[in-house]
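As structure tokens, the structure follows; a few thoughts come after it.
The values are calculated or read from the model by the stated rules, or taken from the named source; none is laboratory data. Remember, it's a predicted structure, so these values are computed and weren't measured experimentally. Please note: Cβ atoms are built from the backbone with ideal geometry, for glycine as well, and neighbour counts cover all protein chains shown.
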Amino acid sequence: MNACLFPDCVWIQIVSFLSFADLSSLSRTSRRLNTICKRELSTRNVLVVSGLPANDFHAIDERIRFSRNAIVHSKGAHVLLNQILPMLPKLTTLCIDYVKGFNEHNLHLIADHLPNLKHLWLLYQSIGGDANRALEKLFAKLNDLQTFGFCDNNFHDYLCFKHIPLSVKHLLFNFFFARSLTEWNAEDRDFIFDRLNTSVLNINVSVSLEASNFEQLLKPIKCNLCFQFAFELKYDLLYLLISKLLSLRMLRIGFVRRNQFKTVVTILDNILPNFGPSLKVELFLDKNIDKTINIGTDSKIDLFYYDESCGEWFNEERKYGNDFMLLSDLSD
Amino acid sequence: MSAIKFETSDGFTIQVERETAVVSKVVKNFLEYHPTDKCTFHLNCVDNATLRKVVEWMRHHKDDAYIETESDESDEERSQDVSIEMDPWDANFLNEDLFFLLDILNAANFMKIKVLFKNCCKKIYLMSKGKSSVEIKRLLKERCDFTDEDLQRIANKYEWMARVN
């Protein structure tokens, strides 16, 4: 049988697996395949635009990953806004990572192209001009946004977060900004705390912070905590942080190195009896740790090992870690 | 034990046990509305060699839980399910040349065997992945009906999607 005799439904399925680059090649094959590729673009709902070198996947963390077929290399904000987004009107998930050219006058245009956007990540995004104003204008147009992730090492003034739409249930950001909390006036700080309190909060802690800020900020929040050791592991900070978070529902720690493993498990074993049985704990182990390392069978801790063959972390039962994004209905 | 017969496009008849045959949604749906112990399905676009291959797949997967629960999916569901992971047995089973693979895919589509259909699509995807439009045309024996100007216009339009080395 010749491929050109296939009904469209067969091609529609095949092109759904294709990366954008492969779609570009296939669209130049024939008019019929060009039409099918155009249709595929108009139905795609996930896009990752990255200014970083291309990989087989794009990871927000160990669990939130975008497949290769969703990734395009950045050509800058102008191309994204004027060429890419108009071709992808059905996008509901957009991750923009290290894309140059956004400023207070154009960031909000993302919302004009994608009024149905539900999940947005702005990672290592340098925003020209008044960044707070840019984000405020963007938030004003995204009424259905459910997830907002933000990470910028140089951005410490988070007052714009006052304007995050109430529809947002997942806030994900690195806690670089905790240091600036003490500089805010009490009214703004209370507002932020109140806003965070209505969300499931995923936190990537990747820098050492003053313990008082942690306690102040996190104590009242029902949250999932994702604790990443980008730098030296501070055991006392880990202990303090977790022991104050009695409303914690899920704890993920990674990546734990071999020489840290025993201490981390001991800390957790001391702390976990204070929590109810509903707390889920996941330890993501460093890539070079194999399954010879383990813990007692009665432990609440679930270990995740790296599988080199598919580049993913799995537990003993060959399952992924819990999806933080699905835990949106935490009740009192 | 009741059995179902399939008649192929090249005149062969293959008898298949009922629990294997119902892996095909066409058979399953028919038997739900027309309960019978004996029945023959005419597969006008599936030849003997292809059907034997498809039946082998159906026998291997007849007890899989997902075969029972699979349903027709919308565009949105399809576009969210883009994992190219495949059961290793299936990956090995589908190590065939492109044109036999296309025959299997066509049979899976006709008989509504969704997982086999998707896995054939994944295999074809893996064959075309990373290839230029000229290589794809050669692979698929597709006739190009574009002028040079058309091709340039499309290349410009999709320049943002181009592969970065």
Scanning region A:24-33 for residues that are surrounded by fewer than 22 Cβ atoms within 10 Å (Cβ to Cβ) and touching a Cys at 6+ places or on another chain (Cβ under 7 Å) gives A:Ser30
### Task
Consider B:Cys144 carefully, then state whether it is surrounded by 18 or more Cβ atoms within 10 Å (Cβ to Cβ) and among the hydrophobic types (A, V, I, L, M, F, W, C).
no
Residue hits (region B:136-154; part of a helix (DSSP H, G or I) and either facing chain A (nearest Cβ under 7 Å) or modelled with pLDDT under 85 (or both)) are B:Ile136, B:Lys137, B:Arg138, B:Leu139, B:Leu140, B:Leu151, B:Ile154
- prompt: of a type outside the set (Ser, Thr, Tyr) and either exposed (fewer than 14 other Cβ atoms within 10 Å of the Cβ) or facing chain A (nearest Cβ under 7 Å) (or both): does that describe B:Leu126?
  reply: no
Answer with yes or no whether A:Leu33 is at pLDDT 85 or above, under 24 Å from B:Leu116 (Cα atoms) and either hydrophobic (A, V, I, L, M, F, W, C) or part of a loop (DSSP other than H, G, I, E, B) (or both).
yes
query: When you look at B:Asn92, is it farther than 13 Å from B:Trp57 by Cα, surrounded by fewer than 14 Cβ atoms within 10 Å (Cβ to Cβ) and more than 8 Å from chain A (Cβ to nearest Cβ), yes or no?
result: no
Is at least one residue of region A:170-177 part of a helix (DSSP H, G or I), at pLDDT below 75 and in contact with a Phe, Trp or Tyr (Cβ under 7 Å, 6 or more places away or on another chain)? yes
